[in-house]
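A single structure is presented below for examination.
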Amino acid sequence: MNLNIKNTFTTELPADSNIENSRRQVENAAFSFANPKKTAKPTILHVSPEMTAELNIYEEDLKSEFFKNIVTGNEIYPNTKPFAMCYGGHQFGNWAGQLGDGRAINLFEVEHQNKNWKVQLKGAGETPYSRAADGLAVLRSSVREYLCAEAMFHLNVPTTRSLSLSLSGDNVLRDVLYDGNPAYEQGAIVSRISPSFLRFGSFEIFAARKDTENLKNLVDYTIKHHFSHLGKPSKESYINFFKAVSERTLKMIIDWQRVGFVHGVMNTDNMSILGLTIDFGPYGWLEGFDFGWTPNTTDRQHKRYRYGNQPNIGLWNLYQLANALYPIIEEVEPLNTILEQYKIDFEKQSLQMMKSKLGLVASDEDDLKLIQDLEENLQLVETDMTIFFRKLSDFTDEKSGFQLIINAFYDLENISEDVKNRWNTWFKKYADRLAIERISSEERKEQMDLVNPKYVLRNYMSQLAIDEADKGNYTLIDELFQLLKKPYAEQPENEKWFAKRPEWARNKVGCSMLSCSS
Ligand code: AMP
Ligand code: MG
């Protein structure tokens, strides 16, 4: 294995002068050097061939001890120095101070085909940022992160990527429901890659510490490597940087809304500066369409990060980033203008996205109303989002509309006449609206099927793969990995995954209830 190592982060940004791996506040630094922990018996369970190719790792390398040791933190790649990044963040609406990579260790950067990838291990042991925790990760949360990142990519949602999933061979103690019943679980390590793992919180920490010099260093670094089209450091390029982050964040969230993804912990330390989906924790996929749903039991009371609130939270988080960038811009108005624009763009893009889900190309002044009526109908009784939208592309006429979507209902037998009538009314409006479209129904179906996935990583699917993996059987991980590479394609052999959540999963831990414990 011969990687083209090109480290920019550690060579261009200030390092923590303390090289001890002890928990502490780290000031005047963007990162601390920290080596991964050696593990008892590392075993690779799955590798993403697409991502190894991105790093120029050959197939024969994948079988080597060396590769296994690198992606599990048991060996350090020659002439590289692993490190943990320093960042802060707003958690559930409150400033939480220093957080940082507590269970993530960055290995190195690889340049290949004009792309620079950061390679990071999640669950490879403690760092100066581990606070009261152990820096480790368990199999269940690692399977979920590994599969979901790749699934998101193939859904065309901006995301960090997965490289490998491994067992560490160590046992890790976790209290899954935070109810005082800790138990040992198998330790695991995901290696993940991204052009950058910088978060809003990476900037916030310098602002909070009034370290304007390092704030500027970090912004200059970020613009130079990730927003180079914005030009040299200046007040103007800083404002444009914020504008670009705002636009990317909005785009990502619109995509989440489109596919029914709920991140679960949109704290500012989990918001990528590149607008990528990052840190797959207690995330979930909508089954019944419900703006009020969140998978995260830690957030059950206030539901801050519920599906329908994600766009608002994106904006709230951007306000925090604006505050953090203020010291190098020193003007409120341009930042406010960008934040106001987010709201305008959201309305526009959200309408556009929903129209695309309905196969509407032409413009009609009643489109917003049609969509609002639909969203109301979808929430009358439990109605599966993925199945509904996928089935809708076969719509021909109002008379057969209701019949077309019966598989989307979780309790078909108890659907009232009133609910049925409301659907028939909506389908009548939809049919009338389609009449002003110029494209053929075949074309419409084709376009709708490119934005309405047939297969998503339903929570129970991950759980089935986890239950099997816990018993030492990893075939379902691969089956789902392959399935989710083509989420928009018809895959007749995989029709069983185009189904509602089974009843056993309704109230099961890991399916409907998830916590940050990972
Ligand atoms: P999260 O919201 O799950 O992304 O994590 C919030 C913060 O807690 C981050 O700084 C993590 O690095 C840290 N953290 C979470 N789990 C652990 C763990 N097992 N060991 C050390 N730090 C952790
Ligand atoms: Mg995080």
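Read the figures in this text as sums done on the coordinates, not as results from a lab. Because the structure is predicted, anything quoted here is derived from the model rather than measured. Quick reminder, even Gly has a Cβ in these numbers, built from the backbone with ideal geometry, and neighbours come from all protein chains shown.
In deg cm²/dmol, rounded to 500, what helix-only [θ] at 222 nm does the chain give when every DSSP H run of at least 4 residues adds -39500 (n - 2.57) and the total is split over its residues?
-12500 deg cm²/dmol
So what's the angle, to the nearest 10 degrees on a 0 to 90 scale, between helix 333-358 and the longest Cα principal axis of the chain?
Relative to the chain, helix 333-358 is tipped by roughly 50 degrees.
Provide the descending list of Cα extents for the chain along its principal axes, expressed in whole angstroms.
71, 58, 47
What do you get for the angle between helix 367-378 and the principal long axis of the chain? Use alpha-carbon atoms, 0 to 90 degrees, nearest ten.
Taking the Cα atoms of the chain, the angle to 367-378 is about 90 degrees.
Using only Cα atoms, tell me the angle between helix 212-226 and the longest principal axis of the chain; keep it within 0 to 90° and round to the nearest 10.
60 degrees
Under 5 Å between amide H atoms, partner at least 5 residues away or on a different chain: which partners does SER162 have, H built in plane at 1.01 Å?
Here the answer is GLU150, ILE193, since their amide H atoms fall under 5 Å of that of SER162.
Taking every DSSP beta bridge that has both residues in the chain, what percent is antiparallel when rounded to the nearest 5?
Antiparallel: roughly 90 percent of the beta bridges in the chain.
As a test of the definition: which semi-axes, in Å, follow for the stretch 5-200 when you take the square root of five times each eigenvalue of its alpha carbon gyration tensor? Largest first, please.
24, 22, 17
May I pose another question? Taking 0.36 nm per residue of sequence separation and subtracting the Cα-Cα distance, how much length would be gained by fully extending the chain between GLN379 and ASN156, in nm to one decimal?
77.7 nm
Now a separate question. Please give, to one decimal in nm, the separation of the simple spin-label points placed at VAL509 and HIS112, each 7 Å out from Cα toward the Cβ.
3.9 nm
May I ask for the distance between the Cα centers of the stretch 385-426 and the stretch 466-518, given as a whole number of Å?
Cα centroid to Cα centroid, the span is 25 Å.
A follow-up question, please. What residues have an amide H closer than 5 Å to that of LYS6, excluding those fewer than 5 places away on the same chain, when H is modeled at 1.01 Å from N in the peptide plane?
The list, which skips near neighbours in sequence, is GLU109, VAL110, GLU111.
For GLU330 paired with LYS471, estimate the spin-label separation in nm (one decimal), with each label point 7 Å from Cα along the Cα-to-Cβ line.
Once both label points are built, they end up 6.6 nm from each other.
What FRET efficiency do you get for LEU173 and ASP345 if R0 is 41 Å and r is their Cβ-Cβ distance, rounded to the nearest 0.05?
Computed FRET efficiency for LEU173 and ASP345 comes out at 0.35.
If you take the beta carbon distance between LYS63 and ASN2 as r and set R0 to 22 Å, what does 1/(1 + (r/R0)^6) give as a FRET efficiency, to the nearest 0.05?
Efficiency, from the Cβ-Cβ distance: 0.90.
Hey, another quick one. Label points 7 Å out from Cα along the Cβ direction at LYS232 and GLU413: separation in nm?
About 7.5 nm, to one decimal.
Would you list which aspartates and glutamates come within 13 Å of LYS232, measuring only between C-alpha atoms, while excluding same-chain residues fewer than 8 positions from it?
ASP220
Which residues does the label zone of LYS369 cover in the stretch 385-426, counting backbone N under 16 Å from a point 7 Å along Cα→Cβ?
Those under the cut-off are 425-426.
So what is the relative contact order for the stretch 357-448, in percent, with contacts set as C-alpha pairs under 8 Å and at least six apart?
Reported relative contact order: 42 percent.
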